[in-house]
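Quick notes on the structure that follows.
The values are calculated or read from the model by the stated rules, or taken from the named source; none is laboratory data. Please read all numbers here as calculations on a predicted model, not as lab measurements. Here the Cβ is made from the backbone with ideal geometry for all residues, glycine too, and neighbour counts use every protein chain on show. SASA here: full protein model, heavy atoms, side chains in, ligands and nucleic acids out. Shrake-Rupley method; radii C 1.70, N 1.55, O 1.52, S 1.80 Å.
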Amino acid sequence: IGLQKDMGTGITIIGAVVAMLVVSGLSLRLLALGGAGLAFLGSLLIALSPHRVDRVATFLSNSETTDASSYHIDMAMVAIGSGGLFGRGLGGGVQAFGYLPEALNDSIFAVLGEIFGFVGLLIIIGLFAALLARIIRTSERVSDPTMKLLAAGAFGWIATHVVVNIGAMTGVLPLTGVTLPFLSFGGTSLLFMMAILGIVYHVSRYTTYIEPK
């Protein structure tokens, strides 16, 4: 993944693996050691890639002036900010028409913020939270270890996509090319997200419930 220069995919895979390791009962000490090793490796990959260095520098500088390096995140913030509380409505947004790069895939959260506003984005985040809560409940309630790890991996994968994409579009995290599940344009992303969600709901057939006393 490092050689392919696709760090966003690497982050999502790490998220899935970490979730599976936590559910499997791996000790916190080993997790911490692994996290430190991954942090060192990630820092090395960033240092060896000029465009990654520029992205991290732009994120850390938090500059109020628009230049070539901060154009993407600046336009994303403009889109979200111009949406206000309830948004401009369908057809009312302008950032998607040439101003905001990758408007329909990586930047779809900002576009939705302009259309539906702060309230609409809260509803979208709430729907993702409900979906992730359902997935983690499935992992907790299934007894088969393989199925438990499958559901945990799906949780980590989807959750990492959501957190990294929304974090990048709101300036909380450095800009990374990661799709927003089920909303970003692109058949491959949608296909694999639907496939892993189908696996999770198949696993949910084997969950056990304790009747309340």
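Numbers at a glance
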item: Stretchable slack from LEU90 to LYS5, in nm (0.36 nm times residue separation minus alpha-carbon distance); result: 27.0 nm
item: Part-to-part distance (alpha-carbon centres) for segment 1-33 and segment 146-172, which is given in Å; result: 11
item: Length gained when the stretch PHE40-TYR206 is fully extended (0.36 nm per residue, less Cα-Cα span); result: 55.8 nm
item: FRET efficiency, PHE192 to TYR99 (Cβ-Cβ, R0 30 Å, nearest 0.05); result: 0.55
item: Distance (nanometres) between label positions extended 7 Å along Cα→Cβ at THR170 and ALA47; result: 3.2
item: Calculated [θ] (222 nm, deg cm²/dmol) that DSSP helices of n ≥ 4 give over the chain, each run adding -39,500 (n - 2.57); result: -22500 deg cm²/dmol
item: Largest to smallest principal axis extent of the C-alpha atoms in segment 79-189, angstrom; result: 50, 26, 24
item: 1.4 Å probe accessible area per residue over segment 96-213, in Å²; result: 52
item: Anisotropy class of the chain from Cα gyration tensor, a/c 1.5 cut; result: oblate
item: Separation in nanometres of the label points that stand 7 Å from Cα toward Cβ, at VAL119 and ASP54; result: 4.0
item: Rounded percent of accessible protein surface that carbon and sulfur make up, segment 119-212, 1.4 Å probe; result: 72
